[in-house]
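Visitor: Pasting in a structure now, in structure tokens, and then I'll have a few things to ask.
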Amino acid sequence: MEAGSVGMFAIEIDPLVRAKALEAVREKQLFLAQLPPSPSLWRLQLAIAQCYEAQTEEVEGHCAPEQLDFLRSYVAQRFAGHTGSVVRMCQIGFNYGHSAVALLDQAPAGTHLISLDMVNHTYTPPLERVVQEIAMERGQKHILLKGDSAEMLPRFRTIDFDLVFIDGNHAYEAVKMDFLNSLLLASGRSEL
């Protein structure tokens, strides 16, 4: 593909993507239950407070409590009563690990979560170890992969993800590229 053709492709696919997204919203009404506070999120917050790197480095990004509540409730509803195959989730952006813990908090045992992040901060690796411990104690698996999601997502085309959560680079073109690449990972049961 030539350098300018990616933009042309994105412009041509936008109406189709927009129509598909609106149709999905119309078909589903989200009635999310309010859940009790998460001990796992409290544990991560304590680890952040005790992490030297997290206290000395400038914070990038923020995850509001309402966003974490939404993720937890959504996963609880989406995978309620899930039996059988492993639940596979992909998250773009890790930072402190709040959304990773929220995604895993209500997911069934056996869930695998792959997080993609540039790992530009020294606090990310020690906090990722906390997320790994939390996942392992719940019978789940968390893997953090370092790199640019625009380059990494196409490598996962053979994995059938049940849920893809995009919260990495917030620039319009980056989010758009993550969304288009995520569509390539989607199956009939995937949620984006």
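Visitor: Do you know which residues across the range 96-119 are surrounded by fewer than 24 Cβ atoms within 10 Å (Cβ to Cβ), among the β-branched types (Val, Ile, Thr) and not in a loop (DSSP other than H, G, I, E, B)?
Guide: 114
Visitor: Starting from residues that are small (Gly, Ala, Ser) and at pLDDT 90 or above, keep the ones in the range 122-180 and report whichever is least open to solvent (accessible area, probe 1.4 Å). Let's see the steps before the verdict.
Guide: At the first step, the residues of the range 122-180 found to be small (Gly, Ala, Ser) are 135, 139, 147, 149-150, 168, 171, 174.
If we keep only those that are at pLDDT 90 or above too, we end up with 135, 139, 147.
Working: 135: 0, 139: 43, 147: 19 Å².
The selected residue is 135.
Visitor: Just the residues that are open to solvent by 10 Å² or more (accessible area, probe 1.4 Å) and in a strand (DSSP E or B), please, taken from the range 86-95.
Guide: 88
Visitor: Limited to the range 36-58, what total is found for residues that are closer than 25 Å to residue 106 by Cα and open to solvent by less than 50 Å² (accessible area, probe 1.4 Å)?
Guide: Qualifying residue count, the range 36-58: 6.
Visitor: Taking residue 80 as the residue in question, decide whether it is aliphatic (A, V, I, L, M), without any contact (Cβ under 8 Å) to a residue 12 or more places away in the chain and not in a helix (DSSP H, G or I). Even if it seems obvious, please write down each step before you answer.
Guide: Values: aliphatic (A, V, I, L, M): yes; without any contact (Cβ under 8 Å) to a residue 12 or more places away in the chain: yes; not in a helix (DSSP H, G or I): yes.
Judged against the criteria, residue 80 is a match.
Visitor: Across the range 66-85, what is the number of residues that are open to solvent by 50 Å² or more (accessible area, probe 1.4 Å) and closer than 24 Å to residue 178 by Cα? Lay out the reasoning, then the answer.
Guide: Of the residues in the range 66-85, the ones open to solvent by 50 Å² or more (accessible area, probe 1.4 Å) are 66-67, 69-70, 77-78, 80-85.
Add one more test, that the residue is closer than 24 Å to residue 178 by Cα, and what stays is 66-67, 69-70, 78.
Matching residues across the range 66-85 total 5.
Visitor: Which residues, taken from the range 152-183, are hydroxyl-bearing (Ser, Thr, Tyr) and outside any helix (DSSP H, G or I)? First the steps, then the outcome.
Guide: Start the filter on the range 152-183 by keeping residues that are hydroxyl-bearing (Ser, Thr, Tyr), which leaves 158, 172, 182.
Hit for the range 152-183 is 158, nothing else.
The values are calculated or read from the model by the stated rules, or taken from the named source; none is laboratory data. Model, not experiment: these values are computed from the prediction. Counting neighbours? That spans all protein chains shown, and the Cβs are built from the backbone with ideal geometry, glycine included. For accessibility, only protein heavy atoms count, side chains too; no ligands or nucleic acids. Shrake-Rupley method; radii C 1.70, N 1.55, O 1.52, S 1.80 Å.
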